[in-house]
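Working notes, beginning with the structure itself.
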Amino acid sequence: MSKYLAMALDPIHIGTGGYQIGRVDNVIVREPATNLPKIPGSSIAGTTRAYTTYQEIEKEGSEAKIDCAGQDAEVSKEAAEGHCGKCIVCKSFGYSKKDDGGSRQGLVHFSDAQILLFPVSTRLGPAWVTAPMILSDFGASPEDNNIPAKDKIIVGPKFGDELSLNLGWLNLLIDKDKTCPSIELDCFGTNKKELISGRIIVVPDNLISQIVNSNLEVRTSVSIDPRTGAGKDGALFTSEAIPRSTILWFEMNINNPHYFGYEPTVDEVKSAVKSGFSLFETLGVGGMVTRGFGRIIIEEVTTNGV
C-alpha cells in the first residue's frame, strides 16, 4: 500500500452529473457522512489509465501497442475486439474483451482522495485547516495536546501571537494550551513545506465541514455563441470547486502480478502508474479542464504519522 499527497494547482471540479437549485448550479462530489468534498477513486483511476497510456506510447523505442485502449474499430483488428489484455495498461487497470474474450480486473486499486489541508483566507494571510478526524484517517494519530477544545482552534507558529483568528467569516479563539501537529509534507519540497507547515490550523471536528463548504470556490461561466463570439442569452451557470492549493491524500494498492500469471513486477506496474501521475500536473483531472480547472501535483508520501 502506497500513500500519495495531491496539491491542487487549479480549482478541482468533479461534478455529480446533476444540478442543484440554490447556491450553485454544478455541484461537486462529497463524502456522504462528513459532507466534505473529495475526488473519487474512479476519477483517479480513469484519468491515470489515460495518462499512463500516453506515456507508454511516448516511450522511446517502446514496443507497447496501446491502440486497443480506445477500442476504435477503425484502428486495428485488436481494437475492434476490445482491449488486448496483454499490454501493461490492460494488466494494470483491467480489460474487457469482446466476443467472450474474457475480462479481468486491474492490478491497481485506488482509494478516494480526501481533503487533508484546506486553504482558508484569514486577516493574516492564507491558512490551511484540518481536523482531528482528518489527521486520524491520514494516519497522523493526533495526541490529546493536538485536539482543540470546543469552539477553539490550534494554530501554527505564524499565528502564535494572536488570541483569535478568523477563518473566512468565522472568528474563533485560539487554544493556547495545545500545540499544532507537524504533518509530513517533505514530498512537496522545502519551500512549500515551510510555507504551509507554519500556517496549519486544527479546528474541531464539528466545524470542519462548515468551514470547508463556506470557502469553496464558486466560478461563474457562460456558454459562447460561436456565430457572434459573445455570451449566449440564458446560458449563464455557476460551478463550485475545491480551491487551488488544497492538499488531498489517497492510497494506491497493487496486487502481485504473479498471482494472475502476469510478467510485470509490482515495481514495473508502479513505475508505469507513476508516469501517468506526472501528467496530472499539465493535463488535469475532472471537468472544465479547458477553463482553468483540474491541474494537480501528485507525490508519494515516504512516511506516516505526525
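Observations on the structure shown:
- The helices (runs of 4 or more DSSP H) located wholly in segment 126-229 that include 1 or more residues which are at pLDDT below 90 occupy 190-197.
- Some residue of segment 204-211 being in contact with a Cys (Cβ under 8 Å, 6 or more places away or on another chain) and hydrophobic (A, V, I, L, M, F, W, C): no
- Within segment 163-216, considering residues that are of a type in the set (Val, Ile, Thr) and free of Cβ contacts under 8 Å to residues at least 60 places away in the same chain, the one nearest to Ala149 (Cα to Cα): Ile174
- Residue within segment 260-274 that is under 23 Å from Lys38 (Cα atoms), open to solvent by 40 Å² or more (accessible area, probe 1.4 Å), of a type in the set (Lys, Arg) and not in a helix (DSSP H, G or I) present: no
Table: residues versus (1) within 28 Å of the chain's Cα centre (by Cα); (2) surrounded by 14 or more Cβ atoms within 10 Å (Cβ to Cβ).
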residue	(1), (2)
Arg123	yes, no
Val129	yes, yes
Leu135	yes, yes
Asn145	no, no
Pro148	yes, yes
Ile154	yes, yes
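- Top-ranked residue of segment 230-257 - restricted to ones that are more than 30 Å from Trp169 (Cα to Cα) and part of a loop (DSSP other than H, G, I, E, B), ranked as nearest to the chain's Cα centre (by Cα): Asn255
- Ile296 being under 30 Å from Asp175 (Cβ atoms), modelled with pLDDT of 90 or more and open to solvent by less than 30 Å² (accessible area, probe 1.4 Å): no
- Of all residues in segment 236-248, those that are touching a residue at least 40 places away in the same chain (Cβ under 8 Å) and over 21 Å from Phe280 (Cα atoms) have Cβ atoms under 6 Å from Cβ atoms of residues that are part of a loop (DSSP other than H, G, I, E, B) and among the hydrophobic types (A, V, I, L, M, F, W, C), 6 or more apart or on another chain, in Thr238/Val24.
The values are calculated or read from the model by the stated rules, or taken from the named source; none is laboratory data. In this text the structure is predicted, and so the values were computed from the model without any measurement. Counting neighbours? That spans all protein chains shown, and the Cβs are built from the backbone with ideal geometry, glycine included. Side chains are part of the model used for accessible areas, which takes the heavy atoms of the whole protein and leaves out ligands, DNA and RNA. Shrake-Rupley method; radii C 1.70, N 1.55, O 1.52, S 1.80 Å.
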